[in-house]
1. For the pair Arg126 and Gln63, what calculated FRET efficiency results from E = 1/(1 + (r/R0)^6), where r is the Cβ-Cβ distance and R0 = 25 Å, to the nearest 0.05?
2. Can you give the direction-averaged projected area of the convex hull of the alpha-carbon atoms in segment 130-248, in nm²?
3. Note down the nm distance, to one decimal, between modelled labels 7 Å out along Cα→Cβ at Ala404 and at Leu178.
4. Apply the Karplus curve 6.51 cos²θ - 1.76 cosθ + 1.60, θ = phi - 60°, to the phi angles in segment 227-243 and return the couplings in whole Hz, x for Gly and Pro.
5. Using the Karplus curve 6.51 cos²θ - 1.76 cosθ + 1.60 with θ = phi - 60°, what ³J(HN,Hα) values do you get for each residue of segment 693-702, in whole Hz, with x for Gly and Pro?
6. Report the normalised scattering of segment 409-546 as log10 I(q)/I(0) at q = 0.08, 0.10, 0.14, 0.20 Å⁻¹, calculated by the Debye formula with identical scatterers on the alpha carbons.
7. In square nanometres, what is the average projected area of the Cα convex hull of segment 655-727?
8. Please report, in cubic angstrom per residue, the volume enclosed by the convex hull of the alpha-carbon atoms of segment 465-561.
Amino acid sequence: MKSVRRLAWLLLGLCLATTLSAREMLVLEADTPAQHPERYTYLSFDPGRTKTIDDILAQDEDQWQLNHRDFIHLGFSTDNIWARISLKVGDPDEPVWIINLADPLKDEIDLYIVSDGKVQETFHARANQSFDMRVSPHRHFLFPVNLSQYQEADIYIRMNFRQHIILPLEIMPRSEFLKMDQQSSFVIALCTGALLVMSVYNLFIFLSTRNLSYLFYVGTVLNAGMYFICMNGYGFQYLWPNAPDWNNAAPLVFGSGVAIFGNLFTFHFLGLRRHTLSHYWMVALLVGSSTGMIAAFLGEYVLSNTINSITGLICWITFASLGLKSCWEGNRYAIYFSIAWLLPFISWTLLNLGFIGIVPLSLNLLYVSYGAFIVQTILNSLALVERIKVIEAEKQQVLADNRAKMNFLAKMSHELRTPMNGILGMAELLTGEVKDPRARNYAEVIKSSASTLLTIINDILDYSKIEAGKMALENIPFDLREVIDHCLNIQSIQSRNKNIVLYADIAPDIPASVYGDPTRIGQILLNLTSNAAKFTEQGHVGIRVVYEDAEQNLIQISVEDSGVGIEPSEQLGLFDAFHQTSASVNRTHGGTGLGLNITRQLAELMGGHISVSSTPGKGSTFNVTLNLTSAAPAPTKIDVIPRPVVLLIEENKQLGSVIHQQNKIWPFDIAWVNSVDEALMYLQSNAQFRPDLICFNRESALSYQTTMETIQSLVPLKTEFLALEDTTHAGVVSRRKTALDFISVRKPLCIQDYPRLFIKAMNNDLSTTKILSPEVPATEPAGNRLNVLVVEDNAVNQMVIKGLLNKLHHKATITENGQEAVKVFTAQQDEFDIILMDCEMPVMDGFTATRHIRQWEEDNHCEPIPIVALTAHILPEQQQSCFDAGMDELLTKPVEIERLKSTLNRNTDRFQRLRSIRV
């Protein structure tokens, strides 16, 4: 029995000896590079996380498992993991060996050096400790140990991780480690520097171009760079050494940032449309990536890592797929983009397959994933560069198309405005010649219709100029009241068949003259008043001018009407091009839909803005705020002693209130009542009231004839009665001999007509069939009569210009082309005071003719004669060509008599100087 027992103990001893001798041992030699002990590593799991080093040393050998792979990866686990590495020191002369745990993002690490069954040295490292508490001040977990004193030793490592359990171990001599660390630091610094340079470069491009693709590209690169820095431990070492919690979350946060900014970069770079399947898919990925970032901030590292891994893979393949789709659609720059996102997709796919054990996992895969980010950054930068080239080529093509379009518009402008000059000019001449009221009305209708057509042409051309950025603005002193008066005069003609009261209410503190662009402000007013009158069948259309902020020179010009109003839902796109409030508007009122858009853009070009307030069924108010600096103080009140007294009977409360307020400016004392009955009551209750003039609406007074006769008996005999009646002949005056003797003036009238009308009526200076608007003087002093050389090839325009000059009592000499004009001028130079030069003519155009004339004047030492361009061109570059050729001024067709007169008057000094030189 004893022999059997001895045999059993002998067999057990042999087994133990075999087991101990079979333990894998790593032999350390000083002349060998870094040792990777993964295949010599035994692993043991502690699910309860309660075992100490003594428990581990005492546990049976069968609880250890040898790792057979080149890389230790255990996925996610909440267990304590124990690793054991048996070492045999082959070179005792190398004193210090470095145990390098190359993953800087571990939670808890305890390292024990065991020899002869006893713990000889102990090291501890915790993720929740600041950087300065590490065993060695290095980005990795380093454990320097003196192994030369042991022939054999076991290294025990206890690990507790909240992220992927990866154990990249290296054991090497200290001298070898320093050499390798310098090399790796250089490579990492080089890669990080490249990312930083790319970020700064593209950030400057964004600041100069304001293209969001560059901004989101910079965000993607910076997040990738920070992720790269975090994963290599430099963030904790240099950037946040006292924030260990942030150090744990940072890689996950920046990883999510790569996906988020990559998403935004893809959307803008590829120009994806909103509200499409691609758009919604990208939004879903954006939400997923943001969720991963939020989870990291909350400390849910396992959840964040899982979300990032899934959304990252989906993002990369989505971005690459969308890039390939863009390539298929013809965007060649998208090929770089697609390859750029395929690289991280491939590397991350291999890395995640390694994490779950499908493919072998090694450090090389990690390095490949880092390299993929670098290459991706370069490729995306190349994609942006290529995109710049494509955009620049497209821009040049657009510019070429715009030039062709603008040239076409310039040609069309010339071709359209030239016959319009004939129509408007002949209508102007006909209006002055015809005595019959009906024929005069026909001429006015022709003129008004032609003006409307010209407005439409101008709207189209102005819209094109604004869109092309070629709208030039003036900044000259002008009288805002004159601009408003001119606008209302035009509108009164166009609204003569409607029962509309036109008025202007200008605050007394508004300057007499302001700096700005009178032409464009007049255009704004015409657009708004025309629009208001179009949608107002009866009631009023008014212009109100007040200071919005006097200190800032902000003047608010409001155009208000009592028309149909605008529904709130239809106000949203009111100022968009070609927008009309409903489909029925175009059928009922017509129009191009450009007027309000042009008005908005003109206001914005002048540094102002426009808004609208409207109540359906009650009317609308359009408010334009402009910065108009004062050029002259506000007009003062005119003091006339004694001040004439006017009794105004006006049923329209809006108009009556505005006229009554003009007491502050006009040289009258105005009493205002709403009806004939109120007028009678007012006179009966104010016996001392003695009006010099009673102004009333004839249509309203017809049914109150007895009352009007009673009123006549209550006022002095000298009191004049002025009746305003609605007819189709605006401004025509006649005296009615009835029981009530009164002067009849036909409406509509502008508010500015009233003071002149009141004065003329009280002075009995209103003659029959006279128009109230200013007339050209019937005679001109002989000394002011000019000899004008007109260069015009169009026969109709020749008639118009000659007729207008004759009306102004000037002599016109007509030539049909530039060559003939040069010949006539050089032969009879002393006979002409000014040249009106058309630009587009056969044989020789106006530009060439002007150059010939200027050269002849220089050669003969003559004083330059004023040359005014008669041009249908309205584009700035065409107009500049006139000045470059040597012309002095521009008159755009159609030529209006007032503008022609102003142009001639501006050159009076030059005419006199020329005549004195010739004498």
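Readers should treat all values here as calculations from the given coordinates under stated rules, not as data from a laboratory. Just so it is clear, the model here is predicted, and its values are computed rather than measured. Neighbour counts are summed over all protein chains in view; Cβ atoms, including those assigned to glycine, are modelled from backbone coordinates with ideal geometry.
1. Calculated transfer efficiency: 0.45.
2. Over all viewing directions, segment 130-248 projects a mean Cα-hull area of 9.8 nm².
3. The modelled label-to-label distance comes out at 7.3 nm.
4. Result, ordered by residue: 4, 4, 5, 5, 5, 9, x, 6, x, 5, 6, 10, 9, 9, x, 9, 10 Hz.
5. Running phi through 6.51 cos²θ - 1.76 cosθ + 1.60 with θ = phi - 60° gives 8, 10, 10, 8, 8, 5, 4, 6, 8, 4 Hz.
6. After summing over all Cα pairs, the log10 values are -0.27, -0.42, -0.82, -1.32.
7. 5.4
8. It is 110 Å³ per residue.
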